[in-house]
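The values are calculated or read from the model by the stated rules, or taken from the named source; none is laboratory data. Since this is a predicted model, take the numbers as computed values, not measurements. Virtual Cβ from ideal backbone geometry, glycine too; neighbours counted across all protein chains shown. These area figures cover heavy atoms from the full protein model, side chains too; ligands, DNA and RNA do not enter into them. Shrake-Rupley method; radii C 1.70, N 1.55, O 1.52, S 1.80 Å.
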Amino acid sequence: MSHIGTSTADMAPGTVRTLDETALVRACREGRTVRARDGGRLVVEARLVRELCRRGREEIDPRGLAVEGARITGDLDLSGMEVPFPLRFTGCTFDRPVDLDGADLHLLALDGCAVPGLRANGLRVRRDLDLSRSRVTGDLQTTASTSRSAAVWLCESEIGGRLLCLDTVVESSDRAIQADRMRVGGTVRLLHGFEAHGGLRLLGVQVAGSLDLTGARLTHPDRGLALDLGDAQIGGSVFLIDDQTGRRPLVRGCVNLGNARISGRLLIRHAAFEPAEMVRGAGYASGRDGGDAISAPGLFVGGELSVEGECGIGGGVDLAMGSFGAIRIHRGSSFTVGGGRALDLTNAELRSGLLIEAGTAVEGTLRLAGAHIRGDLVVRGTRWSRPEKDTLIAAQGVVVDGVVDLRGVETDGGRAGFRSATLGGVLDAQGARLRNPGGEALALQQALVRGPVLLGDGFAAEGRVTLNRCAVEGRLDCDGGTFAGGLDAVSAAVRSGMRLRWAEIPPRVDLTGASTTVLSDDPARWPRDSAISGFVYDRFDGAWDWRARRDWLRAIVPFDAGPYEQAARVFRQHGRPVEAENLLIEQRRQARKVSPPGGRSPRRWVRNARDLLYGLTVGYGYRPGRVLWMLGALLALVGVMTMIPAVQQTLRATDPRGNVYAVDGRLVTVDDVSAPGDGTATAARRGARPGPCGDGQVRCFDPLFYTVDTVIPLVSLGQRATWYPETRSSAGRWVSASLNVAGLLGWLLSTVVVLSFARLARPA
């Protein structure tokens, strides 16, 4: 292109020339750039530009108006005008704000210009709006807002091509750019050296392409809203990343993405977010302390939200109720929101997974209450501290379709809480170090875990681990874990067994009402303060030594009879009835030692004595063989006694007629008696020897049957009822007393045997 000035002659250096209308029109007709030559300075009156823009398309070259290095004086007011050709200003200085309200332009480029403000509400640009390398300053007010000012106004504007702000600096004491409901057919590029000193408000904008903030620096004077993209719709992706020279994006204030929709991905890399004050007056105000770095409730991201590189986020990231393809926070990033919410995903939906890479340090809380993660939740090797309200990972009611990977996680001062969560796979916390002395370190109350829960292999918790009413369809593996605050699993149901071989004996274990299939443990490494009342299991894994189980149950205080019966049931169901009986005998022994609430009354002493006797004799009904031996010994003793002739001589029998017999024949009284007339008795002398058993008048004496009839009163053989000791002699009285004692002992022992067998016959 040719160069023109105010005349065809060269201008001396420093000469100021004012361009006249004729020269301007001629340059535009010929498609030449208007610029000063030879170091001179060119002045162009704004009214001439306006007059030129009123000319028809046929009078201007399609290349339009191009001005370079000029000073534009006066008010450049193109409001409401239709300009069918491009307007290009390069390196120009404007004395007054540019007014483009309601204008319809073909293309507008303010490249490297100094502009004291731009009013362009309702502007329509068919192609690009280019503000690259320009410096726009000012605090302009328009009817678009009754109380706020901005350096650039683009509300309700429509840009058919791109909005370009490469290396642009926009300064304002309030808002740098306000472009509510702006529509852009291409991309918005706020790149490289772009700086906005003041709020950048793009509320409800519609961008068909991407929003690129590579290397941008956004600063709000009072750390309020630095970038407002509330309700925005971005057809491509949003990039807040470092540029090729290593310039890192900086945000001093809050980024609002509430209810925005990003069809592509949201990428943040090597960005720095400095703490923001609490945002007030925005579409969404957070009441938490310290404010948010990113406030994006209801945000939709069709692709992945990725935080990469050494990102330092000094405020919270609020993604509540949002929807994301996936969220990945890469190694080297840090969140610093001490006592607040570092990452809030309350009621959010992640169509893939949430990954926070190992090495990420978070000061604050990760909130996942009510969220649905359709993939995996991976926070392996991360470090968490300074929680909000004693909870570092608040995942109440979260639904995770995949695994939850907490391996190597380190927490300090708060719990990892998954109360009422539904986890579709394994919860793996092996090697995790959870520190919350005096509180809960890991909480899984009422959670449903469809895989195993792995709390071993270096897992350490300084604080309680709580699984009350938790349902685990896999196994609970605590092998090699350390539970310094104890383990609570009240009413927990673990389908595939419990492995409880912890590295150190915990101070307390509560499995009240819990149930599982296989109990794999070391009976010698349970704490005395263990509550296992109602704990149900089907079998032991390897530890079938009933003595070890006895010692395990005996060491638990206070005494509870239920665990003994449960252990005995398991032994009996697996073909070990003797071991089961030993445990039940031990149960009765321990029950006898328990002091009653009111002290030991005389009735209690009697009861204990009876119980002791019952235990020593028949092992509380489980050892009836002991009584059988005693009963056999008593039978032998009585049998030997009845076979002694001196004892037999004391025995007598009487027939129905009153005749008295000895074991060797009939015995007649010592004194003579008159024989009755009916002949029922005859006078005879002692020396007479009739036939055996009185010639058949009485039952014959049999020592064996007499012994059985005496010692076992449960049956009657007729011997004890027929033969009795005579008590007129001392020998007879001794025999009578001995037989009566033997009868009482036999009755007692026989009764115990019967009752013992009756008890054993009852179903377990």
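Points worth noting:
- Extension gain for Trp629 to Asp551 (0.36 nm times residue separation, less C-alpha to C-alpha distance): 25.1 nm.
- Contact order for the chain, expressed relative to its length and based on alpha carbon pairs under 8 Å spaced 6+ residues apart, stands at 4 percent.
- The spacing between region 718-757 and region 334-356, judged by their C-alpha centroids, is 88 Å.
- Sparsely packed loop sites in region 441-512 (the GluC sites (Glu not before Pro) outside DSSP H, G, I, E and B with at most 12 other Cβ atoms within 10 Å) comprise Glu504.
- Under a 5 Å amide H cut-off, with hydrogens placed 1.01 Å from N, Thr391 pairs with Arg415 among residues at least 5 apart or on other chains.
- Calculated FRET efficiency for the pair Glu274/Asp75, C-beta based, R₀ 51 Å, to 0.05: 0.85
- Inter-label distance for Trp734 and Glu473, nm, one decimal - labels placed 7 Å from Cα along Cα-to-Cβ: 8.3 nm
- Under the shape rule built on the C-alpha gyration tensor, where the axes satisfy a ≥ b ≥ c, region 371-425 is oblate, since a/c reaches at least 1.5 while a/b does not exceed b/c.
- For region 166-252, the relative contact order is 29 percent, taking Cα pairs closer than 8 Å that sit 6 or more residues apart in sequence and dividing their mean separation by the residue count.
- Region 363-395 and region 458-482: distance between their alpha carbon centers, rounded to Å: 18 Å
- For region 420-529: rounded, prolate or oblate by the Cα gyration tensor [a/c cutoff 1.5]: rounded
- Computed lengthening from Asp243 to Arg589, 0.36 nm per intervening residue step minus Cα-Cα distance: 116.6 nm
- Other-chain or far-sequence residues with amide H under 5 Å of Leu166's (modelled H): Leu131, Ser132, Arg133, Leu191
- Modelled FRET efficiency - R0 60 Å, Leu744 with Glu504, Cβ distances, 0.05 increments: 0.55
- Region 208-221 - phi-based ³J(HN,Hα) in whole Hz, Karplus 6.51/-1.76/1.60, Gly and Pro as x: 5, x, 9, 10, 10, 10, 4, x, 6, 10, 10, 10, 9, x
- For region 102-242, the relative contact order is 18 percent, taking Cα pairs closer than 8 Å that sit 6 or more residues apart in sequence and dividing their mean separation by the residue count.
- If the chain linking Asp222 and Arg37 were pulled fully straight, counting 0.36 nm for each residue of separation and taking away their Cα-Cα distance, it would gain 62.1 nm.
- Solvent exposure of Ser237, expressed as accessible area, is near 20 Å², computed with a probe of 1.4 Å over the protein chains only.
- Working note: 222 nm ellipticity from helices only, DSSP H runs with n ≥ 4, each -39,500 (n - 2.57), summed and divided by the residues of the chain, gives -6000 deg cm²/dmol to the nearest 500.
- With a Förster radius of 56 Å applied to the beta-carbon distance between Glu21 and Glu310, the computed FRET efficiency rounds to 0.50.
- Region 107-254: C-alpha gyration tensor shape, a/c 1.5 cut-off, then a/b vs b/c: rounded
- For the chain, share of DSSP beta bridges that run antiparallel, in % to the nearest 5: 5 percent
- Centre separation in Å (Cα based) which lies between region 508-582 and region 79-149: 83 Å
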